[in-house]
Amino acid sequence: MSLFNSDKKISPAVEHYRPVFQKYADQNQIGQYTDLLMAVAMQESKGHSPDIMQSSESIGLPRNTIKNPDYSIKVGTKYFKKAIDKSNGNVHLALQSYNYGTGFIDYVKHHGGAYSRTIAEQFARSQASARGWTSYGDPLYVDHVLRYYHTEKQ
């Protein structure tokens, strides 16, 4: 059963890789998140980059180093699995951590323990400030991914 929103916002470029998403989701024992992983890919590249999940940075490489969509999905799925496990199944926290890194989960645990947009914004400001940058990540990442995804539980 597909859990996409009724507007079918998943592009044909991302939908083309559904079997690959399913394969790696199943291998990581998170098959129930296949559609969500595809929504992540929509937010990250809309299928217009070989690094479809923008997962190069999750393995310490510069952005867009991965040149193979299959490998990007494999790496991105493994990283999401790490985030969903570390967040004890909290989808919003895992999604935001996909964007910020799993250190965000530790930050949330030390700042009340609950994901919120406010805590995502606080983390982004603290990380940007610590690095001397004007911004860090996307504090609205969860909302941006979920616009491509719909589940009856929400």
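Odds and ends about this structure:
- Normalising the average separation of contacting C-alpha pairs (under 8 angstrom, six or more residues apart) by the number of residues puts the relative contact order of segment 1-86 at 26 percent.
- Take every Cα pair under 8 Å whose residues are at least 6 apart in sequence, average their separation, divide by the length of the chain, and the relative contact order is 23 percent.
- Stretchable slack from Arg147 to Gln32, in nm (0.36 nm times residue separation minus alpha-carbon distance): 39.6 nm
- Placing +1 on each Lys and Arg Cβ and -1 on each Asp and Glu Cβ, with no other charges, gives the chain a dipole about its Cα centre of roughly 160 debye.
- Extension gain, Thr65-Leu140: 0.36 nm per intervening residue step, less the Cα-Cα distance, totals 24.5 nm.
- Ordered by the count of other Cβ atoms within 10 Å of each Cβ, fewest first, Thr118, Thr65 give Thr118, Thr65.
- Dipole magnitude for segment 1-86: computed about the Cα centre from +1 point charges on Lys and Arg Cβ and -1 point charges on Asp and Glu Cβ, it is near 120 debye.
- Loop-resident sites, segment 46-154, for GluC sites (Glu not before Pro), counting at most 10 other Cβ within 10 Å (DSSP): Glu152
- Here's the picture: charge each Lys and Arg Cβ at +1 and each Asp and Glu Cβ at -1 in the chain, and of Ala25, His144, His111 the one pushed furthest to the positive end of that dipole is His111.
- Relative packing of 36-42, 110-116, which averages over residues the other C-beta atoms within 10 Å, highest first: 36-42, 110-116
- Model label zone, Ala130; criterion: amide N under 14 Å from point 7 Å along Cα-to-beta-carbon; scope segment 91-108: 100-108
The numbers here are math on the coordinates, done by the rules we state, and not lab data. Owing to the predicted nature of the structure, the values given are computational and were not obtained by experimental measurement. Neighbour counts are summed over all protein chains in view; Cβ atoms, including those assigned to glycine, are modelled from backbone coordinates with ideal geometry.
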